[in-house]
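> Submitted below is the structure of interest, expressed as structure tokens.
Nothing in this text is a laboratory measurement; each read-out follows from the coordinates by a stated rule. Quick caveat, the model's predicted, so the values are computed rather than measured. FYI the Cβ positions are ideal-geometry reconstructions off the backbone, even for glycines, and counts take in every protein chain you see.
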């Protein structure tokens, strides 16, 4: 039986939601240019950047896939809504039939202030969400450690997973391929993941951008560590369960008392809303700047640019709503996010490194890298969904598929660039 109190906890959650919406809508009057909308006029300081980046990168989906372990960004984000909705339904004790309604209401609320205020709204609401999220995470973690105990959690991991619970190299479900794939994945994400890079672009100068990156590293550790502690506590209390993705929220629904339950749900809503708004805005900026730009024959007015950016975000919201509802997630959540994220990350990291440090890099290599990085993960996802090829996908596994994507995308960048004939000016420059 959940300990959620509609009077006490519901009031806490309601006050938080109203405050966030008001703050997000109030800054819309300061958005007069596309630059204001996408990168907040490049005026973000260190502390706001740290709060915003930390809040964005810790969503309910982060919490769920970490506990679960104990077309690129859009496909990756497609499962956020359902996963977040499942957490909120389980923790609050609502009937699962309300999950879709909760998902839709949450997305609409986030979309409204993101569409109207852009990055300015995202930064302001992220700051509030960071405060609420941090308070909730710290208080609930202390409560769990007091009730379950560190020694009990260590013993639980050893009992159920043996040495493999502490060493991924000897864990039968992980191994070296798991470690290598995640090393590639997270290195590429730090270099090129759009929601992270957006904070660098919004920084007022390069020194601020570097400080935001280095000082947020602590919170990147916490985004895995804290949910991991919650997941182990759930295992220690509930024991093995059929659906491991539901274990942690079911445990929290009975372990957290009224009052703190409201703070917990507000914290998770803060995490989820921050993630959703940032992803919608940043992937919308990619579509506007990188896909639509070549088709704009003349410079658009600021008014027209703002209209199209807002329209793109609205379409992304519609896509996420329907995709999140019908896509049948198979396998574990973190693996799905890693595979879909690789569609973008493998090629963009190869392009970034090659274009910065290799003079021979060119458009042929870039095109080849993009093609390979999309072809392999999408093929794997399709094979995984088809009954006739599901066993083949299982035998390959997501880690080997992911490693191959990064390696072959880099190779495609090199081979494609070498195959393109060099122009006379390039040859003269090299000879000089």
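> Semi-axes of the equivalent ellipsoid of the chain: what are they in whole Å, largest first, if each equals the square root of 5 times a C-alpha gyration tensor eigenvalue?
36, 29, 19
> Next question. Between Rg and the Kirkwood Rh of segment 205-364, both from Cα atoms, what is the Rg to Rh ratio?
1.04
> For segment 133-213, what size does the Cα cloud have along each of its three principal axes, sorted from largest down, in whole Å?
Over segment 133-213, Cα extents along the principal axes are 50, 36, 17 Å.
> Each label point is 7 Å from the Cα along the Cα-to-Cβ direction; what then is the distance between the points at residue 303 and residue 356, in nm?
4.0
> Same structure, new question: Could you line up 211, 394, 97 from fewest to most neighbouring Cβ atoms inside 10 Å?
97, 394, 211
> Return P(r) of segment 328-422 (all Cα-Cα pairs; 10 Å bins starting at 0; whole %; ordered from short to long distances).
18, 44, 25, 12, 2
> Tell me, how many Å apart are the Cα centres for segment 162-183 and for segment 264-329?
Centre-to-centre distance over Cα atoms comes out at 35 Å.
> Moving on. Kindly rank 339-347, 123-131, 371-379, 215-223 from highest to lowest mean number of other beta carbons found within 10 Å of each residue.
339-347, 123-131, 371-379, 215-223
> Turning to a different aspect of this structure: Would you mind putting 406-414, 232-240 in packing order, based on average other-beta-carbon counts within 10 Å, highest first? Before the final figure, lay out the partial values.
Details: 406-414: 21.3, 232-240: 19.2.
For the peptides 406-414, 232-240, the packing ranking is 406-414, 232-240.
> Sorted from fewest to most neighbouring beta carbons within 10 Å, what does the list 103, 44, 146 look like?
146, 103, 44
> Let me ask something else about it. List 95, 9 from most exposed to least, where exposure is judged by having the fewest other Cβ atoms within 10 Å. Don't jump to the answer; show the numbers that get you there.
Values: 95 7, 9 25.
Fewest to most other Cβ atoms nearby, the residues stand as 95, 9.
> So if we plug the beta-carbon distance of residue 173 and residue 151 into 1/(1 + (r/R0)^6) with R0 = 22 Å, what FRET efficiency do we get, rounded to 0.05?
Computed FRET efficiency for residue 173 and residue 151: 0.30.
> Need one number: nm distance between label points at residue 187 and residue 419, each 7 Å from Cα along Cα→Cβ, rounded to one decimal.
A separation of 2.5 nm, rounded to one decimal place.
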